[in-house]
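Structure, as structure tokens:
All of the numbers you see were taken from the coordinates with simple rules; none came from a lab. Being a predicted model, the structure only gives us computed values, none of them experimental. Backbone-built Cβ (ideal geometry, glycine too); neighbour counts: all protein chains shown.
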Amino acid sequence: MSYLKEVIARTEEKNPSQPEFIQAVEEVLMSLEATVDKHPEFVAASIYDRIVEPDRQIIFRVPWVDDSGKVQVNRGMRVQFNNAIGPYKGGLRFHPSVNIGIIKFLGFEQIFKNALTTLPMGGGKGGSDFDPKGKSDGEVMRFCYSFMHELFRHVGPDTDVPAGDIGVGGREIGYMYGFYKKTLNEHTGVLTGKGREYGGSLIRPEATGYGTVYFAAEMLATRNDSFENKTVIISGAGNVAQFASEKVLELGGKNISFCDSSGTIIDMEGIDKEKLNFVMELKNIRRGRIKEYVEKYPNAVYYDGKSVWDVARDEGIKCDIALPCATQNEIHESHAEALIKNGCYCISEGANMPSLPKAVDIYLENKVLYGPGKAANAGGVSVSGLEMSQNSLKLSWEREEVDNRLKVIMKNIHESSRNAAIAYGFDEENYVAGANIAGFLKVAKAMLSYGVL
Ligand code: NDP
Ligand code: 2IT
């Protein structure tokens, strides 16, 4: 058995019932064989075994009172995975499916993603099995206060800086930041994704979706191609999906889909600015379901209970580019095969680990331009990093300045992934290996400098 397979086997044994975490570890380590040969010092210092073990995991009770006066109890958690290159940094996810294995997979991915951004940020992730869906603003507020009532003692602007993820947007960040500020009597950049009025950065809401499209544009440019006149399929209907759709439109492409966990809409005429504004209002203000899209735009079709990828496969829908922006493991082998058969040749992941390993194999075998999440969706955390910089400087930058920095960062991530792939003997278009190697090397070298800690 190879050295890294042994590391994976040990990790599996120590972390039973955490399939998403093991999947993420396997995906990263299986790209790193070449680093074992080139860097015997990493093996000597057991860097691989150390990097798969979080620095610490905090799990806590979150009690709160619902609108009927009943006491509810959720579980909160924060995994501070690795701070070799900067303070822990990563989102908070509020979704009923959240468990420690999912938070560890996200935290592990975050280490390498953050290293790729060129900014000094370590990896962390947190969240709760709380479901914000169907809750009143008051209930969400009381939950967020209770969550922060414990989390505040573990985070800080130079220690650990959480942000949003699924189920955590501007509203939730506002409640949590307010509670932190009041508790510590301190206005510091402890969270990112804050409102503009109290220290948030322009472009942070847009950053993940825009960045995913910028990354795809970089990949396309290597083949003298662009978004112009391309048909695009997007999954999800939340923060990342909405702003990916906006940027696709700006670059001359046509997005034809959105979905949520209830179903999918397909609009073959394309989702223009007016329709996108409707989706933003529906999802962000009224907090409704995507199904309502077809009531407003009857030429579109709603598929109940099906993901975008199911619909694309079963209806044979053609597209050039796919941007998965919903959740992990949404694209299975049969979806990947159908996408390629129907003409898709570029996939850029706004979500974290949306493609199952078999689907990734199919992309690579078919020479699809494939940007894995840790590279393609790094725009969000990058602008979080820029929000931290602005908070430290006690300044705020203009929209253009932040957007230009975001573009440069996405370009750099694309280039460093490509260069690492070439340097370690992979095809230049193997962004999976390239991103894993480039991210890993930075963190591993920093860990080595500290000795055995
Ligand atoms: P949101 O909560 O804003 O939106 C999530 C969207 O995905 C919703 O439409 C939701 O539908 C759908 N979704 C979530 N879970 C499922 C599921 N199990 N099955 C089907 N649909 C689902 O989250 P974001 O847009 O912020 O996050 C989307 C993805 O992007 C996640 O993978 C996240 O980790 C990743 N990401 C987010 C970043 C950010 O800055 N926000 C940064 C980098 C990555 P429903 O409303 O029905 O739940
Ligand atoms: O997965 C991610 O990169 C995020 N949810 C954003 C993290 C952040 O700190 O902005």
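One table, with the values for the structure above:
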| item | result |
| --- | --- |
| Nearest-20 debye value, the chain charge dipole, Cβ charges on Lys, Arg, Asp, Glu | 1140 |
| Relative contact order, percent, the chain [alpha-carbon distance under 8 Å, six or more residues apart] | 16 |
| Among VAL168, VAL190, ALA207 - extreme Cα towards positive end, dipole of the range 164-211, charges at beta-carbon | VAL190 |
| Residue order, fewest to most surrounding Cβ atoms within 10 angstrom, among THR118, THR183, THR212 | THR183, THR118, THR212 |
| Dipole of the range 348-446, positive end: most advanced residue of SER348, VAL383, VAL368 [Cβ charges, Cα centre] | VAL383 |
| Theoretical FRET efficiency, 1/(1+(r/R0)^6), r = Cβ-Cβ of VAL452 and LYS394, R0 56 Å, to 0.05 | 0.90 |
| Neighbour-count order for CYS325, CYS319, fewest beta carbons within 10 angstrom listed first | CYS319, CYS325 |
| Cut-off 11 Å between beta-carbons: net charge of the residues surrounding ALA326, Lys and Arg +1, Asp and Glu -1 | -3 |
| Residue among THR222, ILE321, ASN82 farthest towards the positive dipole end of the chain, charges placed on Cβ | ASN82 |
| The range 1-117 - percent relative contact order, Cα under 8 Å, separation 6 or more | 28 |
| Residue-averaged 222 nm ellipticity for the chain, from DSSP H runs of 4+ at -39500 (n - 2.57), nearest 500 | -15000 deg cm²/dmol |
| Relative contact order (percent, whole number), the range 249-312, Cα cutoff 8 Å, 6+ residue spacing | 41 |
| Neighbour-count ranking [beta-carbon atoms within 10 angstrom, fewest first] of SER245, SER46 | SER46, SER245 |
| Residues whose placed amide H lies under 5 Å from that of GLY371, excluding near-sequence neighbours | ILE347, SER348, GLU349 |
| Distance between modelled label sites at ALA44 and LYS445, nm, 7 Å Cα→Cβ extension | 1.8 |
| Length gained when the stretch VAL73-LYS291 is fully extended (0.36 nm per residue, less Cα-Cα span) | 75.4 nm |
| Above-threshold pairs, the threshold being 32 Å between Cα atoms, out of LYS133/LYS182; LYS89/LYS135; LYS318/LYS374; LYS38/LYS247 | LYS38/LYS247 |
| Distance from the range 156-221 to the range 31-83 (C-alpha centre basis), Å | 20 |
